[in-house]
Every structure is written in C-alpha cells, then in structure tokens.
1. If neighbour count is taken as other Cβ atoms inside 10 Å, put 33, 68 in order from fewest to most.
2. Over what distance in Å are the Cα centres of region 409-446 and region 311-361 separated?
3. Given an 8 Å cut-off on Cα distances and at least 6 residues of separation, report the relative contact order of region 4-265 as a percent.
4. Taking other Cβ within 10 Å of each residue's Cβ, how do 383, 242 sort, fewest first?
5. If you wrap a convex hull around the C-alpha atoms of the chain and split its volume per residue, what is the figure in Å³?
6. Shape call for region 274-364 from the C-alpha gyration tensor, a ≥ b ≥ c root eigenvalues: rounded (a/c under 1.5), prolate (a/b greater than b/c) or oblate?
7. Relative contact order of the chain: what whole-number percent is it, with Cα pairs under 8 angstrom and at least 6 residues apart?
8. Using a/c under 1.5 as the rounded threshold, could you call region 4-265 rounded, prolate or oblate? The axes a ≥ b ≥ c are square roots of the C-alpha gyration tensor eigenvalues, and prolate needs a/b larger than b/c, oblate otherwise.
C-alpha cells in the first residue's frame, strides 16, 4: 500500500493505531523492511529469521539509518518522520509533511525526504531544521545518494529519475521508465531502480548506461544490496522479499508481508570515516580557513586538508585526531597564500577501516588591498542595562575604521567609538555599551570604512533581561 499516487498497486485499508513498541537492534547487516500495510518495521537476520522491530506506525515507507545507528522511518499516513534510537526510544523527528516516502542521508548527516504529496524533496539538518531542496517533482518516491554526493530521485508518475547535485542543479538521469520506485546505489557506484510498472530491476552505470538486472516481478517496490552483493527486492502485492545472489540465483527470502516497501541495512558501529568538504571561510588576501565535517565512525581517525592551486593540491594541513561516532565540524587555518588566486581543497580522513576524501571545493583569495570585510557576530555579556557587541573585521590591507550602530529599531540611532585597524587578517572587534533598558530588544551591526569603500555587517538582535 502506498500513497495516493501509488494506490494503483494496493488495496486501500484503514489500520487502527497500535501501541508503539520497539525492540533492541540486532547485528550489523540485518535487513529492515517497512511493512506499509501492517504499520510494522520488520528486521530480518541474514538467515531470514524475522522479528518485529517496531509497530503502531501509520504506513511506514522509507527507512534510513544515520551514522550513529538511529533508524528514521517515513510514516506516509502519519505525514511524519519517526526517529528510533539504538536503545529503542521513539520520537517524532519531523511532522506536517505530505505523504513522506523515500529517505536518504548525505555524507554530512543531513536527512533528505521525498515528500510525495507536495512534489518536493526536503532537507533536514541533524537537529531537524528543514529547508526545501527541490520542487516540481512528480510523486517523488525513492531517494539515493551516489559516492559524489549527487541525489537521485525517482519520479513515480513521470517515469523518470532525476539527478540533483549538491548545489541543486537538476538533470534527467533516466526517462521512459514505468512507475520507478525504490532506488539504491551500490558500493561500485551503480544505481539500482525498481521499475514497478514493468516488473524489472534496472541497473545504471554512473554515466547512465542501463541494463536489466532482474525481471519477472509484480509491483516491485524496494531494492537494496548487502555487503556480500546479494540483492533484496520487495514485491508489493505479493507480500514477499526476493533474494538474488551475485550469481543471479533467486530465492524467496520472506513471505506473508503486507505491502512491503523500502529497506535499510543495519550499519556497523565502526567503519571507514565519513567526511564532507564544506565551504572555506575567513578568506583574506593571504590566509583562509578550510572546513569540513567528519564522523570517525567509531575508530581513532586522523584528518587533514589537502590544498593548492590545482587538484594536484601539494600542500596539507597538520593532522588532527578524532574519535567517536558522531559527525562534527573540522577546520584548519592556512596562511602564506597568494592574493587574488583560486585554490582547491578537500578533507581527507583515515582510520583502520579505510581512507575517505571529500569532494573538491574552491575559494579565491582577496586582492592585496580593497574594501574591508565586516561580519556582525552575536552579542555577549548581556545584562539588564549593558552588553558587548562583537564583530569580525579584515581591514583588507588598508587603514580601516570600525564601529557599531545600535538601537531599538533598524534605524539604530546610537554608535560606539571608532577603532582603527590595519593588516590583511581577520580579527575580533568588540565594544561595550551601557545605559540600556531592561526587557528590550536591541538591533546592532558592525560598520567598517577604508579608502576602498564602506562595508556594513548584517543586522543582529539581543534582548536585555
């Protein structure tokens, strides 16, 4: 059973909400299946032994594990995403969605959701902050990331798979399909697609060359490959899961299910590091800060950045050692750069299970002299009558005066004393202010001026207690 646009494959049923329950996780490599019709999530050992992992869901559709072992479930009928921790604690991660279906995580730990009812793909940060990643899709269903960070989306009603880059450039990757449904990218980089209308499972190379991996299914919904290369395919109407070995031997792995949909494999709590290259910041004429994200994946991990004027790089930052099983930001300051020059960089991390490199990114250093760079930062030391205003300034090679404007509206009306700075590096600028009114919202911003021009930071606010 699927959402409205998928109901050509299923008999509509109304399920009474059950008592929400979940049991402890099994072992790495166990197969999890969203049983849309029963409202359960089932777990299967490699032998096929089945247990109920979670019940009482509306219509579970998409499943995805994060790097910390939390399972996220798209509850299609409940218009929500449910998060289940390794300890079994269940919370609502996102609500007020429109028939959510496929889920997928990017390398930075952001969750993407195919919102079938609205035709959008939403992006959620690890804390749950939601933004719209893509719009104008036709019943988006399956989601899968390739190893370069491109997101593939199956458009169920349009018979098409779209490819969306990390900066939201969208192209048609495959057309002429028949109700494309679940997607999965294998370790070799091939994209597998459940073509539920034709009963085929297609395999696409990264360049888009298509071959038929398996055929003869009826309303096949989900597909996934385990570490040994075995493929698992759910058949919606038949209520079965078929296992296909690397030599294409096909057996029935599970039966008696109720509209089985998508899969997830329980991740190992240790493994190769998970990395992503993030945009550089504090870019000056001769220096900058390189940024990335890292999950050590349960092992002691060394991480550094490669950088240089070409993708051969040639320079590296000092190694840092990280441990744990959560994603965290990693940064390194670099100097001795050439002004007005484009640099390439990427994050590199290694542990006992392997080495991973983030995607290449670029930045361009500033000219030797020019207008100042001014950034308004958060206010600190806020009391009922006083506060400290903070900002960041790069004088950009010229003698620069800087000050803050502040007041109870964006007309400001007050200014702090000016400070004079020189040089080509970023530094913190602060001013203490007093005589404020209690329980009042104040606006403020930094202003900097030199012979190259005047720059004004963005408006920020604080509230006196």
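1. Final ranking by Cβ density, sparse to dense: 68, 33.
2. 35 Å
3. About 13 percent, as a whole number.
4. Fewest-to-most Cβ neighbours within 10 Å comes out as 383, 242.
5. Dividing the Cα hull volume of the chain by its residue count gives 173 Å³.
6. Prolate is the answer for region 274-364, as a/c is 1.5 or above and a/b outweighs b/c.
7. 9 percent
8. rounded
Since every read-out is calculated from the coordinates, none of them should be taken as a lab result. From a predicted model like this one, the values you see are computed outputs, not experimental measurements. As a convention, Cβ positions derive from the backbone with ideal geometry for all residues, glycine included, and neighbour counts pool all protein chains shown.
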